[in-house]
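Below you'll find the structure, written out as structure tokens, and then a few comments.
The values are calculated or read from the model by the stated rules, or taken from the named source; none is laboratory data. On a predicted model such as this, the values are computed, not experimentally measured, just so you know. Heads up, the Cβs are rebuilt from the backbone with ideal geometry, glycines too, and the neighbour counts pull from every protein chain shown. Heads up: the accessible areas ignore ligands, DNA and RNA and are worked out on the full protein's heavy atoms, side chains in. Shrake-Rupley method; radii C 1.70, N 1.55, O 1.52, S 1.80 Å.
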Amino acid sequence: MSAGPRAAAPRPPSMLVRPETVGAFSRGSGVQTLPYVGRWNSGRASVTTGITVLPPGTAIPLHSHNVEECVLVLDGHGTAVIDGDEFSVSAGCGTWVPAGVAHRFASSPAEPLRIYWV
């Protein structure tokens, strides 16, 4: 490994995504998603990643995907509903949901919940 100057970004098609360059979008009720990597910015990416922040007392509606999904709780406390079962989650908890399985996340009434999803 070289001790020389650091490059501004990896060589294409690799990417470095800085949060200040990514536009967040609203999912309603104050829930915000910051998409990091996907087909919108990489024609070669076979994964989709991002961070979603749920303000206190909010939830993402029950939904499913045509691909599997992993979620890592970065901050906060809340609940995850996966295939009809409800679980308490907090920072450091992770989930894996197979394709086609209904799931959702909700923040506690007292604090926001921040999740990273792949």
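Residue 32 falls short on exactly one of the conditions (1) open to solvent by less than 70 Å² (accessible area, probe 1.4 Å); (2) touching a strand residue (DSSP E or B) at 6+ places or on another chain (Cβ under 7 Å), and that condition is (1). Within the range 45-63, if we keep just the residues that are surrounded by 14 or more Cβ atoms within 10 Å (Cβ to Cβ) and among the polar types (S, T, N, Q), the residue that is farthest from the chain's Cα centre (by Cα) turns out to be 58. Going by the conditions given, is residue 71 free of Cβ contacts under 8 Å to residues at least 60 places away in the same chain, within 21 Å of residue 99 (Cβ to Cβ) and open to solvent by less than 50 Å² (accessible area, probe 1.4 Å)? Considered against the rule, which asks whether it is free of Cβ contacts under 8 Å to residues at least 60 places away in the same chain, within 21 Å of residue 99 (Cβ to Cβ) and open to solvent by less than 50 Å² (accessible area, probe 1.4 Å), residue 71 comes out as yes.
Of all the residues in the range 35-44, those that are farther than 23 Å from residue 101 by Cβ and surrounded by fewer than 14 Cβ atoms within 10 Å (Cβ to Cβ) number 4.
Scanning the range 74-111 for residues that are open to solvent by 70 Å² or more (accessible area, probe 1.4 Å) and either in contact with a helix residue (DSSP H, G or I) (Cβ under 6 Å, 6 or more places away or on another chain) or in contact (Cβ under 8 Å) with a residue 40 or more places away in the chain (or both) turns up 104, 109, 110. Report, by residue number, each residue of the range 13-25 that is under 20 Å from residue 112 (Cα atoms) and open to solvent by 80 Å² or more (accessible area, probe 1.4 Å). Across the range 13-25, the qualifying residue is only 25.
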